[in-house]
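The values are calculated or read from the model by the stated rules, or taken from the named source; none is laboratory data. Model, not experiment: these values are computed from the prediction. Using ideal geometry, Cβ is built from the backbone for each residue, glycine included, and neighbour counts are taken over all protein chains shown. Only protein heavy atoms, including side chains, enter the accessible area calculation; ligands, DNA and RNA are left aside. Shrake-Rupley method; radii C 1.70, N 1.55, O 1.52, S 1.80 Å.
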Amino acid sequence: MKRLVAVLLVLAMTFSMIACSSGDSSNTGNVSETQTETSSPLDNTDPGTVEVEEDAKLDTFTSVYYEEIPVLNPYNLTNTTEMKMTANTLDGLVENTNTGKYVPALADSWEVNDDFTVWTFKLKEGIKWVDYQGNETDFEVTADDFVEAMRYIADPDNNVTNVKIARDNIKGFYDYYWEIVDIQDGVITGDEDEVRKTFDDVIGIKALDTYTVEYTLEYPTPYFLSMLVTELFLPMEKAFVDAVGDDYGLTPDKMLYNGAYYLNNWQRDKQIQMVKNPFYWDAENVKIDNINMLKVADATTSLEMFKRGEIDSVGINGLQLESLLGSEYEDNIYTDMKSTVNYWFALNFESVNPEFDAFIDNHDFRKALYHGLDRTVLQQVFDAYNPANNLTNTIIPYGVVFDNDGKDYTSYDSLKPYKEVHDGTYNPELAKEYMAKAIAALAPNGTIEGVSPATVDMSPITSYEIDGMLPITITFVDSMDADNIMLAELFELTVEETFGTDVVDVVIAQFSNSKYDDVIVPGYFDIVYDSFSFKYADPAAQLGRLTTGGSVNDGRYSDETFDNMVDAAIEENDLNKRYEMFSEAEAYYIDMVYTIPYKSAGGGYSMSRTDQFQTPYGGFGITRFKYKGMTKLDHILTKGEYFQMKENAGF
């Protein structure tokens, strides 16, 4: 009882403090691969109706965002805001229908050979690139644009975020890329420019003619279409990129567009405006003319903006839900479908905090954190009525990847125990046992071995003093939006309650702009709340990015055993055996506690003025963020309407 009271007090106090500040992000679009109904106090309410809003602008959709776009370069996406902008302004070869089927986008058709290693795409003819004012340019989308994009991605100098996806799958890419890196690092002698000249001969992509592009892959890849909806397979107009040079992607006028919208205006830390592309190949299915995205800071302001009709979709946290029950909006609140995006807590193995750094390599310490974190308590921020519903214990999402026998990958023997324990990972007594072992090894007399008093400088995130003695200082970093402020407070509560403030001292730190640039890149965290977007339909999409130097290895750990397990699984072509090997690697990873799995996205509470079930639907890549097909309503959607639309779409 004491624990529940404390949780509610923290939520209430934090909510009251941030209620005086300003605005948050919303849950917009249809981004999931799986659907799961959630139980809530809303389930038995009458769908009801609402009055028409006479001033509704049905040609404009307005939403909010809280994490800024660092640059517009579509090949370096680090947050959801960037993914939404890119998905709506650039098309690739294929996209998803509203039921998840892969269909042509810039492609007109495709063929694949018998062993799924050679894929050939015929392009639509006559598609022109447009500029930031929607003017048609002289540049046509051709097969060369896909070749040049791959040439850009394959150059280490361009630091493409998720390059490993292409590097591990496109024939010749791996050796080409690492030869340039080895020359640059002095590992081998050679001329990197001479290596670059071999691209057309060694890399598995060819422009067979003006409108035909062919990909050759290292291994049989029947799921290649799910890779094509990632940003790595978007085209690039080389002549334009060469003309703008180093300014490429810095401002809207230094970009070209071929998608449903063009980026008309970007005011950093204020708003993003996209306008319908009048020359779009599928313009008749673009129902909204203008997309406005406004940057705000917290959920309180977002909800008030929605009530005033200033935005068209809003996510609702647990405390807001409680305040809305019994109000005029109760019948407008629905539960989203779950997503294939998983959230987790990353641990920093190169922390600038000497106290945390002294402990993080100790496996007992990491196991203590794993079992000492009550994730159900944290979830009260998002769902006070069914907080355990969205918890997940694996890296790969549940119910997304299936083998030849229809078996869910996460139900393989190595992962099944983690999946079935559900919210049972929290075990305070076991956590204390692990922590006692770690302290006995590293701070038996209360003084942390090898650590002296110092100033920990993570400016501008935080700065504080340490004394090199227990309690162990742990810096938890999250954003400044309302929900995450509450999450941080509850993180501090549950960890300190489990171990005692004489053992751990949680310092909460916050960033205001880009998590990637301000937190991940400089390593200014001990533990950070982050997420995985599932890139394509194979475990390698996630596990391959978590190896040493991987693009989502936020904590910068290195484990040769894990790396070798993943590499061996990638090379296995028998699907069932491949999944067995990946599941063993994933189980090893979870046991080593390099990250702490938390929850799946979606499944929360929302209100909207749109029919979002006509937009592209899927669990992979970025086409799931498209607004194409969405229609604006002249009223707030009722729960009954939402589920009727969902049923009509076949879900």
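Of all residues in the stretch 448-462, those satisfying the criterion of being open to solvent by less than 70 Å² (accessible area, probe 1.4 Å) and either assigned to a strand (DSSP E or B) or within 29 Å of Ser583 (Cα to Cα) (or both) are Ala454, Val456, Met458, Thr462. Hey, any hits in the stretch 609-627 for a residue that's open to solvent by less than 10 Å² (accessible area, probe 1.4 Å), farther than 29 Å from Leu93 by Cβ and over 22 Å from the mean Cα position of the chain (by Cα)? Checking the stretch 609-627: at least one residue is open to solvent by less than 10 Å² (accessible area, probe 1.4 Å), farther than 29 Å from Leu93 by Cβ and over 22 Å from the mean Cα position of the chain (by Cα). Of the residues that sit in the stretch 97-122 and are of a type outside the set (Phe, Trp, Tyr) and open to solvent by less than 10 Å² (accessible area, probe 1.4 Å), which one is farthest from Asp209 (Cα to Cα)? Once the filter is applied, the top-ranked residue is Ala105.
One residue is enough: does the stretch 475-495 have a residue meeting the conditions of a type in the set (Phe, Trp, Tyr) and within 22 Å of the chain's Cα centre (by Cα)? Yes.
Among the conditions (1) of a type outside the set (D, E, K, R); (2) open to solvent by less than 60 Å² (accessible area, probe 1.4 Å); (3) assigned to a helix (DSSP H, G or I); (4) at pLDDT 95 or above, the only one that Ala440 does not satisfy is (2). Would you check if Asp559 is of a type in the set (Asp, Glu), within 15 Å of Phe345 (Cβ to Cβ), at pLDDT 95 or above and over 16 Å from the mean Cα position of the chain (by Cα)? So Asp559 fails the test. All conditions in (1) of a type in the set (A, V, I, L, M, F, W, C); (2) more than 27 Å from Leu72 (Cα to Cα); (3) open to solvent by less than 10 Å² (accessible area, probe 1.4 Å) hold for Ala143, with the sole exception of (2). Only a single item in (1) buried (at least 19 other Cβ atoms within 10 Å of the Cβ); (2) under 14 Å from Trp119 (Cβ atoms); (3) in contact with a helix residue (DSSP H, G or I) (Cβ under 9 Å, 6 or more places away or on another chain); (4) at pLDDT below 95 is not met by Thr230, and it is number (2).
Can you confirm whether Arg556 is open to solvent by 40 Å² or more (accessible area, probe 1.4 Å) and basic (Lys, Arg)? Yes.
Per-residue answers, yes or no, for (1) part of a helix (DSSP H, G or I); (2) among the aromatic types (Phe, Trp, Tyr); (3) within 24 Å of Phe620 (Cβ to Cβ):
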position: Trp129; (1), (2), (3): no, yes, no
position: Phe139; (1), (2), (3): no, yes, no
position: Phe146; (1), (2), (3): yes, yes, yes
position: Ala149; (1), (2), (3): yes, no, yes
position: Tyr152; (1), (2), (3): yes, yes, yes
position: Asp157; (1), (2), (3): yes, no, no
position: Thr161; (1), (2), (3): no, no, yes
position: Ala166; (1), (2), (3): yes, no, yes
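Of all the listed residues (Asp201, Asp253), the sole one being free of Cβ contacts under 8 Å to residues at least 12 places away in the same chain and open to solvent by 30 Å² or more (accessible area, probe 1.4 Å) is Asp201. Of the helices (runs of 4 or more DSSP H) lying entirely inside the stretch 336-436, those containing at least 2 residues that are open to solvent by less than 20 Å² (accessible area, probe 1.4 Å) are 354-360, 363-372, 375-378. Residues in the stretch 518-535 that are modelled with pLDDT of 85 or more and either part of a strand (DSSP E or B) or under 15 Å from the mean Cα position of the chain (by Cα) (or both): Ile520, Ile527, Val528, Tyr529, Asp530.
For first residues located in the stretch 135-158 and in contact (Cβ under 8 Å) with a residue 40 or more places away in the chain, partners that are in a helix (DSSP H, G or I) and aromatic (Phe, Trp, Tyr) and lie 6+ apart or on another chain with Cβ distances below 7 Å form the pairs Phe139/Phe240; Arg151/Phe199; Ala154/Phe173; Ala154/Tyr176; Ala154/Tyr177; Ala154/Phe199; Asn158/Tyr152.
Okay, residues lined up against (1) assigned to a loop (DSSP other than H, G, I, E, B); (2) under 18 Å from Met83 (Cβ atoms); (3) open to solvent by less than 10 Å² (accessible area, probe 1.4 Å); (4) modelled with pLDDT under 95:
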| site | (1), (2), (3), (4) |
| --- | --- |
| Ile272 | no, yes, yes, no |
| Phe279 | yes, no, no, no |
| Glu284 | no, no, no, no |
| Lys287 | yes, no, no, no |
| Ile291 | no, yes, yes, no |
| Thr300 | no, no, no, yes |
| Phe306 | no, no, yes, no |
| Gln320 | no, no, yes, yes |
